[in-house]
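Written out below as structure tokens is the structure these notes cover.
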Amino acid sequence: EGPGVPAMAAMDVDDEDIGHPTAGVEVWICLDFEATCDEGDPPLVQKDEAELIEFSFCILDAPAGNICHVGQHFCRNDRTALTPFCTQLTGITHEQLSTAGSLADALRALETLLQSPALVGRSVCAVAHGSWDLEFLLPKNCKAAGLEVPSVLQRYVDLREATQRHIAARHTKQRTSRASTLLEICHALHIEPEGRLHSGQDDAKMVALAIQALLMAGAHLTHIDLVEQRLAFHRNEDRCLCLDGLAWTTTAPGLAAWLGSLKHGVEEAALRMVLDNNGRPSGRAIVDFGSHQCAAAVFDSFDCGQLMVSDGTRRVVMLRPLRDCDQGPGVAVVPFPADATAVARYRSMGSIVGAAGSNEAGGKAVPKGVASAMRARPGDWVCPHCQDLVFARNQACRLCNTRKPVAVPRR
């Protein structure tokens, strides 16, 4: 599909089955990528410049119940530096990259494996931990290298979403445990973590063990079809899109100002926050651009993701069409908070917010009476460590145990 890279066959699924459970999948491509990075001030590598330097995968044969192949391919860095921070985080060294192949080589190796006698012709689906690898890092790096993203890697299961959905379905009447990081997912699924965290090969194995645990538990797995969601966005002439990857401390004025700086100005009233299964900020926002023409122009110009700098932190925020996790039944959607105190209150009162509410745009609004309770009262304070809103009577944050800051008298 790109120079020197043969086309890969995607999972054999009829069009009408897109977005439905992944029943019948036999082979799971469990992926994890590592990329150049830095945490200096300023960083030597910006997050939106991340260059893929490790392409690792485990092939899970679901009927056989085992990992039948492990692949680890280092990709040489041509545009960004391998920083000491990156080496400390991932274990990848200059020596390994000096003899590494290219991204095209890694994609070709995966294609060759999928065409082997043991795998060819079988139903295949990819799985990754979160959206970063397959919705930002891979397409961004393929574009830079003049490659097309293989079709088999444009349809995948998000392990994070799948795990959170599975846990929520089993704990409908109580606050669910957090399952966002790979370690938290392993803990939630009772998997013993192995290997080095942020080693692509070791993390790919953890992804494989996690998806296997979900399959054995009878979890309701659905895949994301990146091609079909783009086509559906234009076919339905949608005017709303989802921003994914926002900091939990983001406010409506800050978000509107950032979009304005990108020449995509919207009113604060056009922003809504998507809450997670516990009624807390999910890092996602629904943006109403007013018309499909405007939304389509913004979507095309976003180029996978854009760098957002807020409160000294840098992150890549992605823009995509809406999914069931943004607007489906039971999803809580609320007006985007106007200040940090309101955001902190959502984090503090998540269990109340997610408990009940009237429908708004396919989701749930704040329950009646909660909105007034979420306003800070005199003496309430925001934790400087985790940004949780703490009642005035408490001398320490109930989430992270940070002590209440001592007020400095004015002179």
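The values are calculated or read from the model by the stated rules, or taken from the named source; none is laboratory data. Predicted model only: the values in this text are computed from it and were never measured. Counting neighbours? That spans all protein chains shown, and the Cβs are built from the backbone with ideal geometry, glycine included. For the accessible areas, the whole protein counts, side chains as well, though only heavy atoms, and no ligand, DNA or RNA atoms are used. Shrake-Rupley method; radii C 1.70, N 1.55, O 1.52, S 1.80 Å.
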_What translational diffusion coefficient, to the nearest whole µm²/s, does segment 193-341 have by Stokes-Einstein, given a Kirkwood radius computed over alpha-carbon pairs, a temperature of 20 °C and 1.002 mPa s viscosity?_
125
*asked:* If I model a spin label at residue 39 and residue 257 as a point 7 Å from the Cα along the Cα→Cβ vector, what separation in nanometres do I get?
replied: 2.6
*asked:* Given Cα positions, please report Rg to Rh for segment 162-238, the hydrodynamic radius being the Kirkwood one.
replied: 1.09
_Not counting ligands, DNA or RNA, and with a 1.4 Å probe, what is residue 187's accessible surface area in Å² rounded to the nearest 10?_
140
*Along its principal axes, what span do the Cα atoms of segment 92-152 show, with the longest given first and each in whole Å?*
38, 26, 24
*Sequence-distant or interchain residues sharing an amide H contact under 5 Å with residue 130, placed H: which?*
159, 160, 161
*Given H placed on each backbone N at 1.01 Å, which residues far from residue 332 in sequence or on other chains put an amide H within less than 5 Å of it?*
275, 364
_Please compute, over every Cα-Cα pair in segment 106-258, the percentage with a separation greater than 18 angstrom._
68
*asked:* Not counting ligands, DNA or RNA, and with a 1.4 Å probe, what is residue 346's accessible surface area in Å² rounded to the nearest 10?
replied: 20
_Carbon and sulfur %, accessible surface of segment 92-178 computed with the full protein complex present, 1.4 Å_ = 52
*What accessible area per residue comes out for segment 28-145, rounded to a whole number of Å², with a 1.4 Å probe?*
40
*Per-residue HN-Hα couplings for segment 319-335 [Karplus 6.51, -1.76, 1.60; θ = phi - 60°; Hz; x = Gly/Pro]*: 10, 8, x, 6, 10, 4, 6, 9, 8, x, x, x, 7, 8, 10, 10, x
*Tell me, what ³J(HN,Hα) does each residue in segment 281-288 have, in order and in whole Hz, if you take phi through Karplus 6.51 cos²θ - 1.76 cosθ + 1.60 with θ = phi - 60° and put x for Gly and Pro?*
x, 9, x, 10, 9, 9, 10, 9
*Cα-Cα pairs above 20 Å in segment 203-280: how many percent?*
60
*asked:* As I understand it, the dipole of segment 27-83 uses +1 on the Cβ of Lys and Arg and -1 on the Cβ of Asp and Glu, about the Cα centre. Which of 56, 45, 69 lies farthest toward its positive end?
replied: 69
_With θ taken as phi - 60° and the coefficients 6.51, -1.76 and 1.60, list the Karplus ³J(HN,Hα) couplings across segment 219-231 in order, rounded to whole Hz; mark glycine and proline as x._
5, 7, 9, 10, 9, 9, 9, 5, 6, 5, 5, 5, 5
_At 1.4 Å probe size, put 92, 191 in order of accessible surface, largest to smallest._
191, 92
*asked:* Give me the extension gain from residue 81 to residue 236: residue separation times 0.36 nm, minus the current Cα-Cα distance, reported in nm with one decimal.
replied: 51.5 nm
_Place a point 7 Å from Cα of residue 184 in the direction of its Cβ. Which residues in segment 149-170 have their backbone N less than 18 Å from it?_
158-170
*By accessible area with a 1.4 Å probe, ligands and nucleic acids excluded, highest first: order of 28, 132, 381*: 132, 381, 28
*For residue 148, what accessible area in Å² do you get when you roll a 1.4 Å probe over the heavy atoms of the protein chains, rounding to the nearest 10?*
110
